[in-house]
Amino acid sequence: MIDTLAASSAARPAEWRDYVALMKPRVMSLVVFTAFVGLLAAPADVNPILAAAIVLAIALGAGGAGALNMAYDADIDAVMRRTCARPVPAGKVSRAEAMTFGLVMSALAVTLLALAGGPLAAGLLAFTIFFYAVIYTMWLKRSTAQNIVIGGLAGALPPAVAWAGATGSLGLDPALMVAIIFFWTPPHFWALALYKQGDYAKAGVPMLPNVAGAPAARLQILLYALLLAPLGLAPVATGLGGWLYAAVSIGLGAMFVLLAVRVARSRAGEAGTDEADLYEVKMGDRAARDLFAFSILYLFGLFAALLAEHGLGLYAATPFVLGGVAP
Amino acid sequence: VTDPRIQSYLADQDAHHAAETARPGEISPEAAKARSRRNVAIALGLGAFALVLLVVTMAQLAGQTPRITY
């Protein structure tokens with residue numbers, strides 16, 4: 001594998017695509033999407049130029065944090081089939097270059113957000129980058145099976161950052177959006193870790209299925225799904241979500257729980273899947289793969305419903321808004 | 001991760017990049033071209049960022065400046 005990587009790196013010097021790859025564009029797209037929804041749902045009339053700058057700053061911040069993560073995790077990425085083609089382990093970009101790129105992007109992002117969204121949003125973005133690059137990447141990821149539970153906070157904060165940029169304050173609604181992503185993260189990543197156990201074991205990353213075993217991971221996935229489904233409905237109680245959101249949340253939440261029950265009753269994580277493709281699995285691991293794929297749709301669906309309600313004028317209040325918590 | 005082959009490979013990559021940076025006259029034409037393209041991209045990126053800061057500043061000022069009516 002290393003020879004192959006060396007040969008490929010010798011064949012082509014770094015190009016702009018490699019720097020785009022350093023920013024983890026797939027992760028960034030989810031971050032930008034949830035942040036955009038947070039911005040639209042915020043009760044503030046934001047200048048479109050400032051709104052665009054806030055989203056751009058959050059995207060740059062996510063990209064910077066991704067580059068810092070890739071710089072530090074080059075040794076882990078090099079041994080995992082899923083990540084060995086990333087720019088640093090593939091030898092296209094050096095660790096020092098990736099680190100510099102990440103730091104510069106992060107500094108630019110925080111500067112831009114301070115100007116466009118104010119000090120609270122900028123401070124929150126700086127905290128998010130620090131939390132992801134230092135607390136999660138350098139510390140938690142290699143030391144505890146709860147790595148993605150605690151580290152998930154970094155991926156959950158973008159809607160709150162955008163909300164703070166739009167309103168200059170925080171409240172219950174952005175906290176709920178953060179909580180939904182926070183509790184969504186463990187079942188999402190543990191479902192992946194169930195059928196990528198071999199990869200994580202080779203790299204020495206203590207993911208829950210490797211440390212506690214597949215049965216314990218399957219149970220934890222179910223417990224988190226049982227927490228997540230009602231939490232996904234909570235925005236209806238504050239008035240953040242209307243009828244459309246309520247319907248989407250109930251439907252997707254029920255499906256999420258059903259798939260988690262299927263995982264819990266299966267022997268996922270024991271089939272020995274070792275395929276390079278993200279979604280390719282052996283028969284016994286299908287339940288975990290299906291939950292992993294659906295979890296992406298779940299989060300996208302919830303935030304798309306909020307987007308449709310607050311961005312396209314489809315919001316219709318439900319009678320379930322609790323007194324005293326409406327925004 | 002303690003696989004010495006991986007550590008050695010990454011160290012080699014860093015050494016390769018360091019050497020490339022330290023002796024610009026000795027890099028291959030292809031690497032020189034790639035570096036040139038990177039330099040242009042960095043310059044364009046910084047220029048674009050400065051422009052974004054200008055536009056955002058103008059937008060903030062426009063929002064804070066009271067309109068004068070005659």
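Of the peptides A:301-308, A:208-215, the order by per-residue mean of other Cβ atoms within 10 Å, starting with the highest, comes out as A:301-308, A:208-215.
With a 1.4 Å probe and every protein chain left in place, work out the accessible area per residue of the range A:52-206 in Å², rounded to a whole number. Solvent-accessible surface per residue comes out at 29 Å². Taking the inverse of the mean reciprocal distance over all distinct Cα pairs, the Kirkwood hydrodynamic radius of the range A:46-183 comes to 15.4 Å. With contacts taken as Cα pairs under 8 Å at a separation of at least 6 residues, the range A:91-243 carries a relative contact order of 20 percent. Taking a ≥ b ≥ c as the square roots of the eigenvalues of the Cα gyration tensor, the range A:227-327 is classed as prolate, since a/c reaches at least 1.5 and a/b is larger than b/c. Label-to-label distance for A:W139 and A:S29 is 3.3 nm, based on points extended 7 Å past Cα in the beta-carbon direction. When shorter helices are ignored and each DSSP H run of at least 4 residues is given -39500 (n - 2.57), the per-residue value for the protein assembly as shown at 222 nm works out to -24000 deg cm²/dmol. For A:G242, the amide hydrogen comes within under 5 Å of the amide hydrogens of A:A316, counting only partners 5 or more places away or on other chains and with H modelled in the peptide plane.
With 24 Å as the cut-off, how large is the P(r) tail for the range A:128-229, expressed as percent of Cα-Cα pairs? Of all Cα-Cα pairs in the range A:128-229, 28 percent lie more than 24 Å apart. Cross-link partners of A:K196 among lysines, defined as those whose alpha carbon lies under 17 angstrom from its own and excluding same-chain residues fewer than eight positions apart: A:K141, A:K282. For the protein assembly as shown, carbon and sulfur atoms together expose 68% of the accessible surface, with a 1.4 angstrom probe and every protein chain in place. Here the scattering of chain A is modelled by Debye summation over its C-alpha atoms, one equal scatterer each and no solvent; at q = 0.06, 0.09, 0.12 Å⁻¹ the log10 of I(q)/I(0) is -0.21, -0.48, -0.85. Using the Karplus relation 6.51 cos²θ - 1.76 cosθ + 1.60 with θ = phi - 60°, the per-residue 3J(HN,Hα) values for the range A:194-203 come to 4, 9, 10, 4, x, 4, 5, 5, 4, 7 Hz, with x marking Gly and Pro.
By the gyration tensor of its Cα atoms, with a ≥ b ≥ c the square roots of the eigenvalues, what is the shape of the range A:253-310: rounded for a/c under 1.5, prolate for a/b over b/c, or oblate? Oblate.
The label point for A:M255 and the one for B:A15, both projected 7 Å from the Cα toward the Cβ, are 5.3 nm apart. I'd like the distance between the alpha-carbon centres of the range A:253-327 and the range A:128-142, rounded to an integer number of Å. Measuring centre to centre over Cα atoms gives 25 Å. Summing +1 for each Lys or Arg and -1 for each Asp or Glu among the other residues whose beta-carbon sits under 14 angstrom from that of B:L44 gives +2. With each label modelled as a point 7 angstrom along the Cα→C-beta vector, the A:N47-B:A41 pair spans 3.2 nm.
Note the buried accessible area between B and A here, summed over both chains, with a 1.4 Å probe, in Å² to the nearest 100.
In total, chains B and A hide about 2400 Å² from solvent.
For the range A:68-117, just say rounded, prolate or oblate: build the C-alpha gyration tensor, square-root its eigenvalues into a ≥ b ≥ c, call rounded for a/c under 1.5, and beyond that prolate if a/b exceeds b/c, oblate if not. Judged from the Cα gyration tensor, the range A:68-117 comes out prolate (a/c at least 1.5, a/b above b/c).
The values are calculated or read from the model by the stated rules, or taken from the named source; none is laboratory data. What you see is a predicted model, and the numbers here were worked out from it, not measured in a lab. We place every Cβ from the backbone using ideal geometry, glycine too, and count neighbours over all the protein chains shown. Keep in mind that these areas ignore ligands, DNA and RNA; they rest on the heavy atoms of the full protein, side chains included. Shrake-Rupley method; radii C 1.70, N 1.55, O 1.52, S 1.80 Å.
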